[in-house]
Structure formats: C-alpha cells, structure tokens
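Reading through the structure tokens given below for one structure.
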Amino acid sequence: MKARVEKIFRRLDPQPDALILANAVDPHLDQTFFYVFDVPSGLFEGSVAVAHPDGRLDVLSSPLEAESARAAAKRDPSVTVHVVARGDETDQTVKKLVGSSTNLALDYRELTHEWFARLDKLLPQAKWVDGSNAIRGARVTKDAGEIEKLRRAAEIGSEVGREIPSILRAGMTETELAAEMEFRMNRHGANGRSFSTIVAFGAHGAEPHYQPSASALASGDSIVCDFGAYYQRYASDITRSYHFGRRDDELKKVHETVEAAQRAALDAVRPGVPGKEIHLAAERVIDASPWKGRLIHGVGHSIGLVVHDGWGYGPQVDDPLEEGMAITVEPGIYLPGKGGVRIEDDIVVTRDGFEFLTTAPRGYIEVPA
Ligand code: GLY
Ligand code: MN
Ligand code: MN
C-alpha cells in the first residue's frame, strides 16, 4: 500500500534507502508486513517485504500463499510479488532488490535475532537503522480501510457480548463459556480470536489477565468476559461484566462505579489530550469511591493489527491522542478474594471527540441463576 509505506518513510529520519520487513515462523510474524501489504488471506511465514521511499513495495512470497499474494498485487499497482520457493532464493532476491544501498531500516521490535544475523551476513555493506518508532507512529492512526475492518471486528465482539447472558447456565465451566464465545465469534464472521479469551467467574475476576479453568459457575458470581475477534487481520478487544444469580449489592455498586469511570474517561477523549488525562479521569472516579486504588492497570491501549498495537496510556503518558487513533477504554475494579468488574470498549478518536466501535450494552446485567 503506497500511502502506508509513504506514511512510514515520512517518519524515518534520516531517510533510509529501503525498509526490510521479515517474517519468521508463526507467531513471529511482523504485522507491519500486513500493514504495508494488504492481503486478507495467507500466513506468509518466511516472507520478506522490501519497501522503498517512493512507496513501492516488493513482496517475497512462498508458493503456499502465491495466489493470495498475486491477487493482492493485482489490486495494488505499487506492489510487485516475487514467488520464491526456497531460503536461498529469498536471500538472492533480497540481495538483488537492495543492490548497493547502504542505509537500511529494520523493525527492531519485531525482527527475530536469527533474521538479523542472516540479513547482516547477506548485506555486508548495510548500515542498519531502527525503523520501529517510525512504524509505530505510522500505525497508531488508522486510515478508512483499517477503521472499516476494526469496526467489523468490534461488531462481531459486540454481537457475542449481547448473547452471553443467554448462554450462562449454573455449573458451566469457564473454558466451556470461552469455547462457546469463540465459536459464536467465528459464526458471526471472525477469522479467529484476537487473543486468548478471558472468562473469570467469581473471585477469579480480580485478576485482569486470568486464564479460564474448569471452575464452575455458581449463583452469586460476578463474571468478567474479555475477548475479541480478528476480522481480516484487524482485532477487537471488548470486556463485559455480568452478575449471575443471587444479588451482591457491593458488586452492583462496583459495576456502577466502573461505568462512571469509563464515562469520565470517554468525556476526556479528543485530539491533543495527553494520554494520562484519560487514565486520570477514570482513576479520579474510582479513587473517590470506596474502592480507591483498585484500578491496577493503564486504562487503555491502541488496537489494530494486534490487540496491543504499540501504544498504551497510563498515569505517566504525555503523548497526546490524535485523530484516527483506535484505542480501548477499559477501567476496572478488582477485589481479591471476591471478584471484579471491567468494562472495555474500542473507540476511534475523531476531530472533536470519539466514536464507539463496540456497541454491546455496558450497564449492570443480572442473569437469573
Ligand atoms: N484483553 C487484554 C486487554 O484488555 O488488554
Ligand atoms: Mn481486553
Ligand atoms: Mn484491552
């Protein structure tokens, strides 16, 4: 994609002669490869992309995804595809494409050490430049095509968020519920889950990055479901919290406080506002409640080709929000030994505020046991 390659090069200073992106074996795939090469299907293990300052892109594809690569290149005249069957063909093609250029940028945050050693041997004239900050800066604001895919991924997550109350049954396990949620996301059109689904019953909800187990759902449990879909490589990330059976007055008030914290954070969202202001707006609400200090993570992060897309904001972050950023807003209150509540939405920053991508109801939902 010419515009995306140019967006990265505009941020590289000094200008390198080329940017080389190289994929290892799944999951060590550099998602920036898919940022510059908009190809909806294919794994592209071992593939390389050589991007040029004028926006052109050379893509080295294995025969395993040659059809998809060629079809994508047909839609985009700035892309040339080279189908290479073996590692030595890859090396020779990269050498030919780079020629005698010396200033070469790499994505230091994603390139494996093995690939670096290989490129360093292959291109002995190279002076390597770290392109990762420029890449992050380009990827953090989304173009219209990216927002469309993020919106679809978020719609799939929202659809399942709306369905969860109808799935809950006393005695079902956390892993059963997670499996049902993932099945439904795929049935709604997802290309898989964007991260390991979190389902936490009762006291487990006090741990934000909990992994589901064989624990069974019982009356009186709070439920935290944090999940997301991939749609054409773009991720969603949504959390909804529910209450099952016997009313717990404290957890209901905790839920209302988290909702108020999220509203306060969202009210602060607009271009130019330092990231920390969004966090602090949510934290102020929680710290004025009986659950002071129970927000134990930054209140959001950017989202895109991966769920944690390179930028996050907590109490120390001065970087401002920019129009076109896609971010999560996800305050929570965590009560060890009892449970937790988190509400997480995906939004896009607009010229004068924000727009929701996720739409499932955020209010307190009691599901009869
Ligand atoms: N799903 C992990 C997070 O919300 O950051
Ligand atoms: Mn999440
Ligand atoms: Mn998140």
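Please treat every number below as a calculation from the coordinates, not as lab data. Note that the structure is predicted; figures quoted are calculated from it, not measured. Note: ideal-geometry Cβ built from the backbone for every residue, glycine included; neighbour counts use all protein chains shown.
Points worth noting:
- Residue within region 156-171 that is within 15 Å of the chain's Cα centre (by Cα), touching a residue at least 24 places away in the same chain (Cβ under 8 Å), surrounded by 18 or more Cβ atoms within 10 Å (Cβ to Cβ) and within 22 Å of residue 210 (Cα to Cα) present: yes
- Flag for residue 207 being touching a residue at least 12 places away in the same chain (Cβ under 8 Å) and charged (D, E, K, R): yes
- Scanning region 311-358 for residues that are within 16 Å of ligand 2 (Cβ to nearest atom) and either over 18 Å from residue 150 (Cα atoms) or surrounded by fewer than 24 Cβ atoms within 10 Å (Cβ to Cβ) (or both) yields a count of 14.
- Residue selected from region 225-257 under the condition polar (S, T, N, Q) and in contact with a Phe, Trp or Tyr (Cβ under 9 Å, 6 or more places away or on another chain), by the criterion farthest from ligand 2 (Cβ to nearest atom): 257
- Counting residues in region 204-212 that are within 16 Å of ligand 2 (Cβ to nearest atom), over 30 Å from residue 142 (Cβ atoms) and of a type in the set (Asp, Glu) gives one or more.
- Within region 180-275, strands (runs of 3 or more DSSP E) holding 1 or more residues that are within 23 Å of residue 156 (Cβ to Cβ), away from ligand 3 (no atom under 16 Å from the Cβ) and touching a helix residue (DSSP H, G or I) at 6+ places or on another chain (Cβ under 9 Å): 222-227, 238-244
- Residue identified as surrounded by 14 or more Cβ atoms within 10 Å (Cβ to Cβ) and over 15 Å from residue 8 (Cβ atoms) among 75, 70, 86, 109: 70
- The single condition among (1) buried (at least 24 other Cβ atoms within 10 Å of the Cβ); (2) among the charged types (D, E, K, R); (3) within 16 Å of ligand 2 (Cβ to nearest atom) that residue 221 does not meet is (3).
- Filter pass, residue 235 being surrounded by 21 or more Cβ atoms within 10 Å (Cβ to Cβ) and either in contact (Cβ under 8 Å) with a residue 60 or more places away in the chain or more than 22 Å from residue 333 (Cα to Cα) (or both): yes
- Exactly one residue out of 215, 219, 196 is of a type in the set (Ser, Thr, Tyr) and within 30 Å of residue 72 (Cα to Cα), and it is 196.
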